[in-house]
Amino acid sequence: MLILALDTSSTSGSIALVRDGCLISESNSPDVGTHSEWLMPSIEAMMAASGIAASGIDVVAVSMGPGSFTGLRIGVSIAKGIAWTLGCPIIGVSTLKALALNLRDTGYVAVPLLDARRSQVYSAVYSFPGGETTPVFEESALGIEALLDEISARGLASQVLFTGAGLKVYSDRLLESVSPEQIAGPELWCVKASTVAELAYKELLGGAKGLKPVDFSPFYLRKSEAEVRLKLNRTKPST
């Protein structure tokens, strides 16, 4: 089974081809610029370099969010377009879960962070008992102070390791509460498409069939700033 996997959930980008759980090719970039200009040419170049025809793709896997609204829309739209053209299913995986897997061999409890703007982060907390990725608490959008309070209340303050693009904004604040060793290196801050494919493949082995492109949508976790502004304008009293 050949999986084309991709991630466009933040300023970074990643694409991969994985067959039956074995990586064929992967391309990762910490800053791709404009996803809409980078993604399709990168996929086409990878397919050509790998000597694999698009018709050989069995499943398209994509990180479905949370994350950048624009990035997710672009990635999901292209994933749906490819799946629609090829007549294959699409599987979405949690961006935060995929990001947390960067830390599975560190011995820490993973805390992936993505900047949600409005002084909030998208985050969750994962442990890895027996090699399984287990949520300690679920994905949420909350302030960094509230996140730290939640971690402390669960007695995990000395056990967590933070990763993700949200550290570009919040690492200084975190270092007021945790040791430098609890901030992962920048090489672990980006979602890898190979991990997206790994999670999708595990779902398929568990019996998942994936979705038709028409039935698939990204997971934003909360409304965009534009939607919030629109709602506020609609609720303002007329003069």
Within region 33-62, the residues that are among the small types (Gly, Ala, Ser), at pLDDT 95 or above and within 21 Å of Ser12 (Cβ to Cβ) are Ser42, Ala45, Ala49, Ala61
Can you pull out the strands (runs of 3 or more DSSP E) entirely within region 2-96 that have at least 1 residues that are surrounded by fewer than 15 Cβ atoms within 10 Å (Cβ to Cβ)?
22-29
Among Glu145, Glu198, Glu138, the single one that is surrounded by fewer than 16 Cβ atoms within 10 Å (Cβ to Cβ) and either part of a helix (DSSP H, G or I) or more than 19 Å from the chain's Cα centre (by Cα) (or both) is Glu145
How many residues does region 121-135 hold that are without any contact (Cβ under 8 Å) to a residue 60 or more places away in the chain and surrounded by 17 or more Cβ atoms within 10 Å (Cβ to Cβ)?
8
Could you list, in sequence order, all residues of region 162-195 that are of a type outside the set (Val, Ile, Thr), assigned to a helix (DSSP H, G or I) and either touching a Cys at 6+ places or on another chain (Cβ under 8 Å) or under 26 Å from Lys80 (Cα atoms) (or both)?
Ala193, Ser194
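The values are calculated or read from the model by the stated rules, or taken from the named source; none is laboratory data. Predicted, not measured: the structure shown is a model, and the values here were computed from it. Using ideal geometry, Cβ is built from the backbone for each residue, glycine included, and neighbour counts are taken over all protein chains shown.
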